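Trainee: The structure follows.
The values are calculated or read from the model by the stated rules, or taken from the named source; none is laboratory data. All values reported here derive from a predicted model rather than from experimental measurement. Cβ: placed from backbone, ideal geometry, glycine included. Neighbour counts: every protein chain shown. With ligands, DNA and RNA removed, areas are computed over all heavy atoms of the protein, side chains included. Shrake-Rupley method; radii C 1.70, N 1.55, O 1.52, S 1.80 Å.
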Amino acid sequence: MPITRNVARTALATCAGLFAVAACGSGDTDEAQSKQVTLVTHDSFNVSKAVLAEFKKETGYTVKVLKSGDAGQAVNQAVLSRDNPQGDVLFGVDNTLLSRAVDNGVFAPYEAKGLDRVPAEYQLDAAKHRVTPIDTGDICVNYDKRYFADKKLDPPRTFEELADPEYKNLLVTENAATSSPGLGFLLGTAAEFGDEGWQDYWKKLKANGVKVVEGWEQAYNEEFSGSAGGKKAGGDRPLVVSYASSPPVEVLYADPQPDEAPTGVLTDTCFRQIEFAGLLDGAKNSEGGKRLLDFLIGKTFQEDLPLQMFVRPVAEDAKLPKLFTEFGAEAENARSLDPQTIAENREAWIKSWTSLVVK
């Protein structure tokens, strides 16, 4: 969940955690309920009201969005409530958590219309279609351009160089046990160095002064010297684990907007996240859920994604906004791991990482 997306969160204004186009409350009629589809998702989900209005115009369904914490919490809640699902569609399970959801029977199979416009590399459940890929984003180390220019020091380029002495006490990352980007960075190192090598690498990072904080907000907006929030907070770490989409965010929210992003991305340190949606098994409105899944990979929603959640669309015909094409970074060789490999090793890796780095 991805992540930098936290910058663009909107305040929830209605119904104790519901952001809804549909009316809330016990006064809904049976007819209104039958034309309502409920999307269960994480707190970073955002979409233009005009886009949801377009879905209603096309299908007759209104969308109620039920936010259930971060991505891990949303998936855990879906597992716990699988015999009586909270909604019709779950959005926000990514490749680091995918096996947890599908192995627990959370989803019913459905092949969304328009899936032929999505590259095969994103279709991790193509044989059964229990989930539909919606967006992708890269977790990468970001750097403060001004810091390195002032120091006349080239920023590191690779995982290995982050452990070099000239970058001692410069990197801040998130706790892999409590943070999605923190876990993604750990998985990236596992993909890079293998099951036998990642622990030795983290020993080197620890010896080189890596700082670990609980979550992305603290790392990026307090510790990182290159972000607007970090500057205000007096952050002194010019390297941070964040997202490839973070530089466009810095430009978007700057006043006035700069000609160049103040931060850059180390594209050889990236781990690829793919975010999925699926029809919940036992959904009360499975037909509406199917129509919503079709819509989520349609061009209208796909082109709304980048500036709402700061992720990249998966549909090949969706155009990126100028902000992304000018200031965003794309990792051509982002690391990845098979979801089953993640499932088999995730908890053990987190436990080992915690003993090595935090304790």
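Trainee: To two decimal places, what compactness ratio does the range 210-359 give when its Cα radius of gyration is scaled by 2.2 N^0.38 Å? Kindly include the intermediate steps, with their values, before the conclusion.
Mentor: Working: Rg = 18.6 Å, N = 150, 2.2 N^0.38 = 14.8 Å.
Taking N as the residue count of the range 210-359, the ratio is 1.26.
Trainee: Further question: Viscosity 0.692 mPa s, temperature 37 °C: what is the translational diffusion coefficient of the chain from Stokes-Einstein with a Kirkwood Rh over Cα pairs, rounded to a whole number of µm²/s? Could the numbers behind the result be given before it?
Mentor: Numbers: Rh = 20.9 Å.
My calculation gives 157 µm²/s for D.
Trainee: Going by alpha carbons, how many degrees (0 to 90, nearest 10) lie between the helix axis of 71-80 and the longest principal axis of the chain?
Mentor: Approximately 40 degrees, to the nearest 10.
Trainee: Say each of residue 232 and residue 161 gets a label point 7 Å from the Cα, pointing the same way as Cα to Cβ; how far apart are those two points in nm?
Mentor: For the pair residue 232/residue 161, the computed spacing is 3.2 nm.
Trainee: Whole Å is fine, so just give me how far the alpha carbon centre of the range 330-351 lies from that of the range 131-154.
Mentor: Using only Cα atoms, the two centres lie 19 Å from each other.
Trainee: What accessible area, in Å² to the nearest ten, does a 1.4 Å probe give for residue 260?
Mentor: 120 Å²
Trainee: Still on this model: Along the Cα-to-C-beta direction of residue 35, a point sits 7 Å from the Cα; which residues of the range 60-88 have their amide N less than 16 Å from that point?
Mentor: 60-64
Trainee: Over what distance in Å are the Cα centres of the range 231-284 and the range 73-119 separated?
Mentor: Centre-to-centre distance over Cα atoms comes out at 24 Å.
Trainee: Follow-up. Which aspartates and glutamates have a Cα lying under 19 Å from the Cα of residue 56, excluding residues fewer than 8 positions away in the same chain?
Mentor: Residue 56 reaches 28, 30, 31, 88, 287, 294, 303, 304.
Trainee: I've got another one for you. Using Cα atoms only, what is the angle between the long axis of helix 299-309 and the major principal axis of the chain, expressed in degrees (0 to 90) to the nearest 10?
Mentor: The angle comes out at about 40 degrees.
Trainee: Now for a different question. Below 8 Å, C-alpha to C-alpha, sequence gap of six or more: please give me the relative contact order for the chain in percent. Spell out each step's value before the answer.
Mentor: Values: 742 pairs, mean separation 92.4, N = 359.
Dividing the mean separation by the residue count of the chain yields 26 percent.
Trainee: Also, I was wondering about something else. Tally up the carbon and sulfur contribution to the accessible surface of the range 215-269 as a whole percent, 1.4 Å probe, everything protein left in place.
Mentor: Working: 980 of 2180 Å².
Roughly 45 percent of what the probe reaches on the range 215-269 is carbon or sulfur.
Trainee: Could the peptides 194-200, 340-346 be put in order, highest first, of the mean number of other beta-carbon atoms found within 10 Å of their residues? Please list the in-between numbers first.
Mentor: On the way: 194-200: 12.7, 340-346: 16.1.
Order by mean packing, descending: 340-346, 194-200.
Trainee: Next question, about the same structure. As an exercise, use a Förster radius of 41 Å and the Cβ-Cβ distance of residue 203 and residue 254 to find the FRET efficiency, rounded to the nearest 0.05. Kindly include the intermediate steps, with their values, before the conclusion.
Mentor: On the way: r = 38 Å, r/R0 = 0.93.
That pair, residue 203 with residue 254, gives E of 0.60.
Trainee: Straight-line reach from residue 204: which lysines have Cα under 27 Å away, leaving out those fewer than 8 places along the same chain?
Mentor: Filter leaves 145, 151, 152, 168, 351, 359.
Trainee: Right, another one. Tell me the angle of helix 49-59 to the major Cα principal axis of the chain, expressed in degrees between 0 and 90 and rounded to the nearest ten.
Mentor: Here the helix axis deviates by roughly 40 degrees.
Trainee: How large is the helix-only mean residue ellipticity at 222 nm for the chain, computed as the sum of -39500 (n - 2.57) over DSSP H runs with n ≥ 4, divided by its residue count, in deg cm²/dmol to the nearest 500?
Mentor: Working: 13 runs with 126 residues, N = 359.
When only DSSP H runs of four or more count, the value is -10000 deg cm²/dmol.
Trainee: Could you give the length gained by full extension between residue 146 and residue 80, i.e. 0.36 nm per residue of separation minus their alpha carbon distance, to one decimal place?
Mentor: On the way: separation 66, 0.36 × 66 = 23.76 nm, distance 4.73 nm.
Roughly 19.0 nm would be gained on extension.
Trainee: Now, a different point. Say R0 is 30 Å: what FRET efficiency, to the nearest 0.05, do residue 54 and residue 316 get from their beta-carbon distance? Mind dumping the intermediate values first?
Mentor: Numbers: r = 21 Å, r/R0 = 0.69.
Here the calculated transfer efficiency is 0.90.
Trainee: Now for a different question. Around residue 39, under 11 Å between beta carbons, what's the net of Lys plus Arg minus Asp minus Glu among the other residues? Numbers along the way, then the final one.
Mentor: On the way: positive: 64, 67; negative: 88.
Cβ neighbours under 11 Å give a net charge of +1.
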